[in-house]
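Each remark here refers to the structure printed beneath this line.
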Amino acid sequence: MRNIVKNDTVKVISGNHKGKTGKVIMVIPDKNRVIVEKIQLVKRHTRPRSQTQPGGIIEKEASIPMSNVMLVCPKCGKPTRTRTTTVQNRKARVCGKCEEMISGE
């Protein structure tokens, strides 16, 4: 069970985008990085591949270290650490502040 999974809402706690919140698009566990919606936008210069896919400058999200983000509890709305508890023989994430169960994997 990981602390942060896809579709979680997270808050950036350090770096250039400190204080911003967004939804996790992708988690890269082997590199300990996450891609967050509308955070760390970079410009990619792409070549045209076909008539339907033109080239140009495309803005897309780049990954940021997982240690720079903190999970936002859906109930209390605060950035929080999580604990894992066992519910019906399955692990579940629990908010460290309000003790509410957090949905996800």
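Observations
- Computed from the Cα positions only, the extents of segment 1-89 along the three principal axes stand at 53, 32, 24 Å, in decreasing order.
- Amide hydrogen neighbours beyond the local backbone of Cys73, cut-off 5 Å, H modeled: Lys78, Thr80
- Remark: segment 33-46, residue by residue, has Karplus-estimated 3J(HN,Hα) of 10, 10, 10, 10, 4, 6, 10, 6, 6, 10, 9, 9, 8, 10 Hz, where x stands for each Gly or Pro and the curve is 6.51 cos²θ - 1.76 cosθ + 1.60 at θ = phi - 60°.
- Highest average packing first - 23-34, 40-51, Cβ atoms within 10 Å: 23-34, 40-51
- Shape category assigned to segment 54-105 from the gyration tensor of Cα positions, a/c cut at 1.5: prolate
- What a 1.4 Å probe finds exposed on the chain is 46% carbon and sulfur by accessible area, rounded to a whole percent.
The values are calculated or read from the model by the stated rules, or taken from the named source; none is laboratory data. These numbers were taken from a predicted model, which means no experiment stands behind them. Positions of Cβ are backbone-derived with ideal geometry, glycine not excepted, and every protein chain shown enters the neighbour counts. Please note that ligands, DNA and RNA were not included when accessible areas were found on the heavy atoms of the full protein model with its side chains. Shrake-Rupley method; radii C 1.70, N 1.55, O 1.52, S 1.80 Å.
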